[in-house]
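Novice: Following this message is one structure expressed as structure tokens.
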Amino acid sequence: MKIYTLAILFLFFHCVTFGQKLESVKSAPLLVVEVEGGKSLKLTDVDLAKLPRRELKVKDPHDGKEASYSGVDLREILLLGGAKLGTELRGAQLAAYVQIDAADGYKGVFGIAELDLGFTEKLVILADKKDSLPLPKTHGPWQVIVPDEKRAGRWVRQVVSIRLRLVK
């Protein structure tokens, strides 16, 4: 009888733990990345954590205060999806654009050349931290940070997708 009781207790706690793990996987935020002519990916914060991290010290256009944002170079995410950058970016592909979508429907757009090292040294990141702390829920889990812009129109908050589109 004691063995059965122990076995039942073991199974109960194992199922509860497994259920909690499953629930945390279900609730992990997903970032959809689509590269036309490339791949369609669904990334989590764990996937993004495997990419090289970058840090930007910028004047936040919302409040005018200097802040340090850290995250992943937008180019790294596009390359993961199969985007053609660098010497492969030429001709009709130069008309491509990157659309960033927010959870509330807001969108920001970049011409592909604005993100390519062959055309600019500007670093645009998908941040998950501000001043070493996770972004607040009103901005996160991810926010696009664009240094040296006078207005924050392309500092898309609560990013849910990044889509590279070709102009046809």
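Novice: Between LEU79 and LYS107, what length in nm is gained on full extension when 0.36 nm per residue of separation is reduced by their alpha carbon distance?
Specialist: The LEU79-LYS107 span can extend by a further 8.0 nm.
Novice: Right, another one. Multiplying the sequence separation of ARG151 and LYS65 by 0.36 nm and subtracting their Cα-Cα distance, what value in nm do you get?
Specialist: Result: 29.6 nm gained on full extension.
Novice: Add +1 for every Lys or Arg and -1 for every Asp or Glu among the other residues with Cβ under 12 Å from the Cβ of GLU34, and state the total.
Specialist: Cβ neighbours under 12 Å give a net charge of +2.
Novice: Now for a separate question. Quick check: with the 1.4 Å probe, what order do THR44, THR138, THR87 take by accessible area, largest first?
Specialist: Largest accessible area first, the residues go THR87, THR138, THR44.
Novice: Further, regarding this structure: Can you give me the distance in nm between label points at ALA49 and LYS168, each placed 7 Å from the Cα along the Cα-to-Cβ direction?
Specialist: Taking the two extended label points, one gets 4.0 nm.
Novice: While we're here: Evaluate E = 1/(1 + (r/R0)^6) for THR120 and LYS57, where r is the Cβ-Cβ distance and R0 equals 25 Å; express this FRET efficiency to the nearest 0.05.
Specialist: Efficiency, rounded to the nearest 0.05: 0.85.
Novice: Within 10 Å, Cβ to Cβ, of VAL160, how many net charges do the neighbouring residues add up to if Lys/Arg are +1 and Asp/Glu are -1?
Specialist: Spelling it out: positives minus negatives among the neighbours equals -2.
Novice: Would you calculate the separation in nanometres between label points at SER40 and SER132, each defined as 7 Å from the Cα along the Cα-to-beta-carbon direction?
Specialist: 4.1 nm
Novice: At 1.4 Å probe size, put GLU66, GLU34 in order of accessible surface, largest to smallest.
Specialist: GLU66, GLU34
Novice: Between the stretch 112-149 and the stretch 50-101, what is the separation of their alpha carbon centroids in Å?
Specialist: Rounded to whole Å, the Cα centres lie 6 Å apart.
Novice: For the stretch 96-168, which GluC sites (Glu not before Pro) are both in a DSSP coil and crowded by at most 15 other Cβ atoms within 10 Å?
Specialist: GLU121, GLU149
Novice: Now for a separate question. A 23 angstrom limit on the alpha carbon distance is what I want to check against. Which of LYS59/LYS137; LYS107/LYS130; LYS42/LYS168; LYS42/LYS65; LYS84/LYS137; LYS84/LYS168 exceed it?
Specialist: LYS42/LYS168; LYS42/LYS65; LYS84/LYS137
Novice: A further question follows. With all protein chains present and a 1.4 Å probe, how do ASP45, ASP128, ASP101 order by accessible area, largest first?
Specialist: Largest accessible area first, the residues go ASP45, ASP128, ASP101.
The values are calculated or read from the model by the stated rules, or taken from the named source; none is laboratory data. It should be emphasised that the depicted structure is a prediction, and the values quoted were computed from it without experimental measurement. For neighbour counting, all protein chains shown are included, and Cβ atoms are generated from backbone atoms with ideal geometry for every residue, glycine included. To get the accessible areas, we keep the full protein, side chains included, count just its heavy atoms, and leave off ligands, DNA and RNA. Shrake-Rupley method; radii C 1.70, N 1.55, O 1.52, S 1.80 Å.
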